[in-house]
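> After the structure tokens below, expect a handful of questions from me.
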Amino acid sequence: MGHILLRHRDIPNFSQLDVYKKNGGLVAFKNAITAMKPEDVTNVVKASGLRGRGGAGFPTGTKWSFIDKNNWPHYVVVNADESEPGTFKDREIMEGNPFQMLEGVALCCYAVGANVAYIYLRGEFWQLAAALDENIAQLEEAGYLGDKLFGTEFSLRIHTHLGAGAYICGEESALLESLEGKRGQPRVRPPFPPSVGLYGKPTIVNNVETFANVQPILAKGADWYKTMGTADSAGVKIFSLSGSVKKPGNNELPLGTTFRDLIFNHGGGMLDNRRIKAIMPAGASSSMIIADDKALDTPMDYASVRTLGADLGSASIIVIDDTVSMEWVIGKTVHFFKHESCGKCTPCREGTYWMQNVINRLQNGRKKEDVDLLLNVAKQMQGKCLCALGEFATMAVTTGIERFPSDFKA
Amino acid sequence: MSLAEKYPKEVKNILSKYPVEFKRSAVMPLLYLAQRENGYVTKSAMSDIAQLLDITDTEVASVVGFYTLYHDRQEGKYRMQVCADLPCALRGADKFIESLCVNLGIKVGETTGDGLVTVESVMCLAACDKAPMFQIQSRDGIVYHENMTVDKTLELVQALKMSAQEVK
């Protein structure tokens, strides 16, 4: 079977508009705005079982149906801030298959009644933003973006907006603050963006990969989409595979593929044939999974990964081999989160700072009381932070110490 | 000359993306525009932007301070920003950056004697499968360099040196 999201891997020059159109592109969008009611588009997405691909896994169609219809205008925002260590899938989609993502955005705008969409890209994707501007201009010229499209009353503009290096802007409310021209610090939620979002107006924020799924769902139908994946987690997912494997890279596979299949088949097995020790399925934010046979044979869908005491998140699988100490790993993850903490809420700002200090001390001479203190600080942060970043910062620390105690023995 | 006088077309284009009553949204793209000139944002450029958007200089400065890709002082002409986060580190990024710095005779965060290259250790750049890797930020924007070795990087530095001399 060919790719559904990474179609550029099967079809040469797929990032060109004429090639995209020749292969079925933009039919779904034209059909939707000329022959479908907006709520019908949302209903198809709902029926497909598509869940958000940014990490939280919230049902996409349900989110769209939450848009407040008593408050206008509406906005759609693409979260292209891809910054989670271990995640590099959105970049490939936007580079290789930009029009499919843009068509998904356009479909969403029609479904929720938005006439303006913003694509918020991390600042490092500077060249990518320029290419997308070019793609958008081509769509305008071809009559797929602009005023009163295809003789309907529906008008649509899409703009890119570059961030400037801040992991926190991947958190949707921080992203909206940033897009409004402020420091990217999360808002207190609720209210959620479908009620109060960009400029205080109802807004749908979804990840790049989520939007890339929308066009095939509208083109081929919800029933077709549900034939892939599991009952709980429909469809395909891009698994970004990194760390100690022979062939790191993106792999588009049905949800429910096992860790073993991904790492040893698609990933070519372990680097230098070392032994696998741990898996972080959701990037640096992840809990550490002990990579035993049970874990390796677990299907990668949202519910099954939870049985291992972890979350699938954005499916950024970092593989760790047995030459690596967990103390070193959490040193890396905590360093990251301390740098990226936005400073707004105290548990995260102070907690990441102290975790870093205690880890530095541990690395200069391990003492049991410091391991206990580190665990204590991490647990004090849990459940108390304004957004998920603070929680994420503790996951590798607590599960690293609890699941790999010998790496922390004084 | 103010930013709006220097780049009238660009400023107009940027402002046209956002609703007039929310023009503050333009602060980030305007800062990138201002940074083109010197590789960092000057105090007077921050004031220009504040005036354009009807916000205070302090509000503009707080945005500059929050995001890592804006700079308020001069460093090397090319900022070599190496990712040393967990996935890259599992593929040798720490050794790469250490050896690179030894070869360039500087420490992480420092600039080569000729003012050309600053080596920085940065957070994840979404290229975990192509480590070791870095981006080079300069007045011309940001360019990725992936699957790098120390030798290839030193060649690149040499090439940057040559082109800098030609410009002189």
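All of the numbers you see were taken from the coordinates with simple rules; none came from a lab. Because the structure is a prediction, the values reported are computed rather than measured. Cβ atoms come from the backbone with ideal geometry, glycine included; neighbour counts cover every protein chain shown.
> Under a point-charge model restricted to the Cβ atoms of Lys and Arg (+1) and Asp and Glu (-1), what is the dipole moment magnitude of the protein assembly as shown relative to its Cα centre, in debye to the nearest 20? If you can, show how the numbers build up before the last one.
Numbers: 63 positive and 67 negative charges, 95 e Å.
The calculation lands at about 460 debye.
> Average the reciprocal distances over every distinct pair of alpha-carbons in segment A:253-410, invert the result, and give the Kirkwood radius in Å.
Taking every pair of different Cα atoms in segment A:253-410, averaging 1/r and inverting gives 16.1 Å.
> A further question on this structure: Distance in nm between label sites at residue B:72 and residue A:328, each 7 Å beyond Cα in the beta-carbon direction?
About 3.8 nm, to one decimal.
> Then there's this: Can you figure out the FRET efficiency of residue A:260 with residue B:1, using R₀ = 41 Å and their beta-carbon distance, to the nearest 0.05?
FRET efficiency, residue A:260 to residue B:1: 0.05.
> If you average the C-alpha positions of segment B:35-85 and of segment A:65-88 separately, how far apart do those two centres end up, in angstrom?
Each part reduced to its Cα centre gives a spacing of 26 Å.
> Convex hull volume of the Cα atoms in segment B:39-90, per residue, in Å³?
Convex hull of Cα atoms, per residue: 90 Å³.
> Using a Cα-Cα cut-off of under 28 Å, which lysines could be cross-linked to residue A:409, ignoring same-chain neighbours fewer than 8 residues away?
Reachable lysines: A:277, A:294, A:332, A:338, A:367, A:368, A:379, B:95.
> Order these peptides, B:76-83, A:62-69, by their mean beta-carbon neighbour count within 10 angstrom, highest first.
Descending packing order for the listed peptides: B:76-83, A:62-69.
> Give a residue-ordered list of calculated ³J(HN,Hα) values for segment A:243-253 (Karplus: 6.51 cos²θ - 1.76 cosθ + 1.60, θ = phi - 60°; whole Hz; x for Gly, Pro).
With the stated coefficients, segment A:243-253 comes to x, 7, 10, 5, 10, x, x, 8, 10, 8, 9 Hz.
> For chain A, what does the alpha-carbon gyration tensor say about shape, rounded, prolate or oblate, given a ≥ b ≥ c as the root eigenvalues, a/c under 1.5 as rounded, and a/b over b/c as prolate?
Prolate, because a/c is 1.5 or more and a/b exceeds b/c.
> Given contacts defined as C-alpha pairs under 8 Å and at least six residues apart, what's the relative contact order of chain A, whole-number percent? Write out the running numbers ahead of the final one.
Values: 823 pairs, mean separation 65.9, N = 410.
Dividing the mean separation by the residue count of chain A yields 16 percent.
> In whole Å, what is the distance between the alpha-carbon centres of segment A:250-280 and segment A:102-160?
If we compute the Cα centre of each part, the gap is 36 Å.
> So, R0 is 41 Å and r is the distance between the beta-carbons of residue A:303 and residue A:159; what FRET efficiency does that work out to, to 0.05? Working shown, then result.
Values: r = 37 Å, r/R0 = 0.91.
The formula returns an efficiency of 0.65 here.
> Which of rounded, prolate or oblate describes segment A:111-151 when judged by the alpha-carbon gyration tensor and an a/c cut-off of 1.5?
Judged from the Cα gyration tensor, segment A:111-151 comes out oblate (a/c at least 1.5, b/c at or above a/b).
> Which whole DSSP H helices in chain B pass both tests: a Cα extent of 15 Å or more along the axis and a mean Kyte-Doolittle value no lower than -1.0?
Sorted by number, the helices that extend far enough and score high enough are B:27-38, B:43-53, B:93-104, B:150-167.
> Would you be so kind as to identify all helices of chain A, as entire DSSP H runs, whose Cα atoms reach 15 Å or more along the helix's own axis and whose mean Kyte-Doolittle hydropathy is at least 1.0?
Within chain A the helices that satisfy the rule are A:98-112.
> Mind putting a number on the dipole of segment B:1-107 about its Cα centre? Charges go on the C-beta only, +1 for Lys and Arg and -1 for Asp and Glu, and I need it in Debye to the nearest 20.
320 debye
> Percent antiparallel among DSSP beta bridges with both residues in the protein assembly as shown, to the nearest 5?
Numbers: 27 of 56 bridges.
The antiparallel fraction comes to roughly 50 percent.
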